[in-house]
Amino acid sequence: MTEQTAAPIAATEEPTAPEQELPPTGAEPAAAAEPVPATEPVTATEPVPATVVPATEPAAVTEPLVAPDQAPAVAEPVPASKSSRRVLRAVARWTAAVLVLGGLGTGTALGITSMERTDVPGMATEGDGRWDYPELSLPALPAGSPRPFNEANVAEIHHADLRKLLIPAPAGATADKKLTGDWVSTAQFVGEFRKDKRGELTQLLDDSALRHIAARGWTMPDGTRSRVYLLQFNSTAYAQGLRDDTYVSSTPGIPLDWPTDLQLDESWNAGGKVPETVVYAFGETKTGKGRIHEAYIQAGDTLALVIHSQQGKKIAEQIPFRQTLILQNQLLG
């Protein structure tokens, strides 16, 4: 008894254990993950003999010790067959390809959405006749002055410099030396109308508290001549009064210096119309087609006249005229 208590437990000796009943035939072996200790479990307070865990080798924590008769059915992973490896490699390649293509597709979609349609190869659309105007912006206002249709601007007055509200000439245009975007005289404006009506129109302008007139003109390479006049009055009522006195509504009122009378363009749907403004468009036919296009815009205290014309028998294109009309309307609104 004295020798047994003094000697440490040897790793090579197995204590006698009571016989265990064999499991019935067909029963599954014990789980391989939990070793069956030959003796009582070693607690944290008892030292582990050096022969069990040598000092030169780290403790095996990934593979638990098991009794020889309790080893798992498969001790080592079975190597995959050549065909299985080929399938796995193919799946990996296809997965990588899908991820790469998906990333490229996303990048391309983001790129296209940030480009103009005509910048995308294969998706450019044919020109529809629109002119290449520069980027437009509203001019700065004097400090404390509202826009014409702001709630604080009951009189609907344009406080910005009227000359800066004129639409600029498009790319490729030849500037009109008489209509440079500056102030023009009443006589210059009246000269656009028939000679027998100029005296009447001059009197109407004198009676309507006209403040000033700004104008710009240009000629395009195809021969289209364009003129834009902005007439500003002391109040919206005076601008409205001149429009009524010249009978601008279903007819252009006082006729332009042109050999034919113009008709209301019934095909004009006021596209791009700014709220609180009024637009009347005219042409040589009810569809607006012909050698000349004319339009009036009333925006608060300002009345605009836009003219596009062609010489001889050539038709004045309708699309650039409507483009000019819409943009000028937006600048006034």
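The values are calculated or read from the model by the stated rules, or taken from the named source; none is laboratory data. If you're wondering where the values come from, they're calculated on a predicted model, not measured in any experiment. When we count neighbours, we look across all protein chains shown, and the Cβ atoms used for this are built from the backbone with ideal geometry, even at glycine. Note: areas computed on protein heavy atoms with side chains; ligands, DNA, RNA excluded. Shrake-Rupley method; radii C 1.70, N 1.55, O 1.52, S 1.80 Å.
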- Message: Exactly one condition in (1) of a type outside the set (K, R); (2) over 28 Å from R130 (Cβ atoms); (3) surrounded by 13 or more Cβ atoms within 10 Å (Cβ to Cβ) is false for G288; which is it?
- Response: (2)
- Message: If I ask for residues that are buried (at least 17 other Cβ atoms within 10 Å of the Cβ), aliphatic (A, V, I, L, M) and either over 36 Å from the mean Cα position of the chain (by Cα) or assigned to a strand (DSSP E or B) (or both), which ones from the stretch 158-191 would you list?
- Response: L179, V184, V190
- Message: Among the residues that make up the stretch 232-252, is at least one of them within 22 Å of L179 (Cα to Cα) and among the polar types (S, T, N, Q)?
- Response: yes
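Let's see how each residue does on (1) surrounded by 20 or more Cβ atoms within 10 Å (Cβ to Cβ); (2) touching a residue at least 60 places away in the same chain (Cβ under 8 Å); (3) under 22 Å from A214 (Cα atoms):
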| residue | (1), (2), (3) |
| --- | --- |
| D265 | yes, no, no |
| Q298 | yes, no, yes |
| V306 | yes, yes, yes |
| L327 | no, yes, yes |
| L331 | yes, yes, yes |
- Message: I want to confirm something. Restricting to the stretch 288-321 and keeping residues that are in contact with a Gly (Cβ under 7 Å, 6 or more places away or on another chain) and charged (D, E, K, R), which single residue is nearest to R147 (Cα to Cα)?
- Response: E317
- Quick check: anything in the stretch 262-277 acidic (D, E), under 30 Å from G172 (Cα atoms) and at pLDDT 95 or above? no
- Selection from the stretch 199-252 of residues that are more than 30 Å from Q311 (Cα to Cα), open to solvent by 10 Å² or more (accessible area, probe 1.4 Å) and part of a strand (DSSP E or B): L210, R211
